[in-house]
């Protein structure tokens, strides 16, 4: 599974958001921020699976690119392993 993330350089590192899952986390550098995002996504997906809730649909990338809150920020993708068991649909 692939998720869009948004990175912002701040004092001491990088803030990272996963806009489709309303996740925010942090890393000391870009690689650490991407790892933190991946771990947060995996935990989030596991919570959806355990509670039999549907994962929110991914929004079109263009919607995030047009978001003024994300102007001048770095966009990237992270790959996340499919959670064990079925996600709610």
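The angle between the Cα long axis of helix 30-50 and the main principal axis of the chain comes to about 20°, on a 0 to 90 degree scale. Extension gain, residue 59 to residue 77: 0.36 nm times the residue separation minus the Cα-Cα distance gives 5.1 nm. Its convex hull of Cα atoms gives the chain a direction-averaged projected area, equal to a quarter of the hull surface, of 5.7 nm².
The distance between label points at residue 69 and residue 47 comes to 1.7 nm (points 7 Å beyond Cα on the Cα→Cβ vector). With each label modelled as a point 7 angstrom along the Cα→C-beta vector, the residue 30-residue 2 pair spans 1.7 nm.
Each value in this text was obtained by applying a stated rule to the coordinates, not by laboratory testing. What you see is a predicted model; the values in this text were computed from it and never measured. Cβ: placed from backbone, ideal geometry, glycine included. Neighbour counts: every protein chain shown.
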